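The values are calculated or read from the model by the stated rules, or taken from the named source; none is laboratory data. Worth saying up front: this structure is predicted, and the values here are computed from it rather than measured. Here Cβ is always computed from backbone atoms with ideal geometry, including for glycine, and neighbour counts include all displayed protein chains.
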Amino acid sequence: MSDVNKNPPSKRQGAAEISLHLRNEIQKGNLQFHDKLPSERSMAEYYDVARGTVREALARLEDEKFVETRPGSGTYIVHKSNDTVLSPIDDANPLELIDARFALEPHICRLAVLHGRIQEFDRLEALCDRMEANRIDPSSFAEFDTEFHKVLSKTTGNKLLIWMISQITALRGQSDWQRMRQLTLDTKIIAEYNRQHRQIVKAIRTREPEAAANLMKDHLETARLSLTRAAET
């Protein structure tokens, strides 16, 4: 579909950023219910990535019920844009994102202790590994950071919370967030985020709900302070 090209992102995006771009296009109505997406090969050429990266991005959107892949036919939009109230998401800024996360993610950590499975904790640990391996690559770090918080929400088993975090996460694809990320993600802050992520996972694994919640508050406070300083520059 030519509509994919209306608001193209920068080249060499990861799966998370490609899925964010496509999700935004769907929510804005540029890609509509029943529209067929281009082939994986065409999308890989457009985004300048491997087909596996496109496949992973589409898998994320399928998991969120935005698209459906039909064997032998292609991938189709199955989300109706009028199903979601979009204006608060469209108008929100990065500091509002942090405030919303303050309201949700500490309790998500408590629920992760109660309902999370070992396999999900292993996935969180693996994402910590990936973030640490990309400590000098802010773009890749941000991709795995986004996935970390999405997986954390999924440990709750609460569909409403998972959906709310997915909506908040969608903000990370907006231009304001991209600009703030460039200003804030240096090696020092990435190292601090990596340390905090490890502490959060450890507290969840050892079944300490209040410790996990407090560590998440500390993590979000660090992010908020970083954003506030960047906004003043």
Residues of the stretch 30-60 satisfying the condition of being in a helix (DSSP H, G or I), more than 22 Å from residue 167 (Cα to Cα) and acidic (Asp, Glu): 40, 45
Residues of the stretch 132-174 classified as in contact with a Ser or Thr (Cβ under 7 Å, 6 or more places away or on another chain) and closer than 12 Å to residue 17 by Cβ, total: 3
Which listed residue, of 154, 159, is without any contact (Cβ under 8 Å) to a residue 40 or more places away in the chain, surrounded by fewer than 17 Cβ atoms within 10 Å (Cβ to Cβ) and under 17 Å from residue 117 (Cβ atoms): 159
Pairs where the first residue, in the stretch 41-67, is assigned by TED's automatic domain parsing to the domain that holds residue 18 and the second is part of a loop (DSSP other than H, G, I, E, B) and among the small types (Gly, Ala, Ser), C-beta under 7 Å, 6+ apart: 44/50; 53/14
Identity of the residue in the stretch 207-233, touching a helix residue (DSSP H, G or I) at 6+ places or on another chain (Cβ under 9 Å) and in a loop (DSSP other than H, G, I, E, B), that ends up surrounded by the most Cβ atoms within 10 Å (Cβ to Cβ): 208
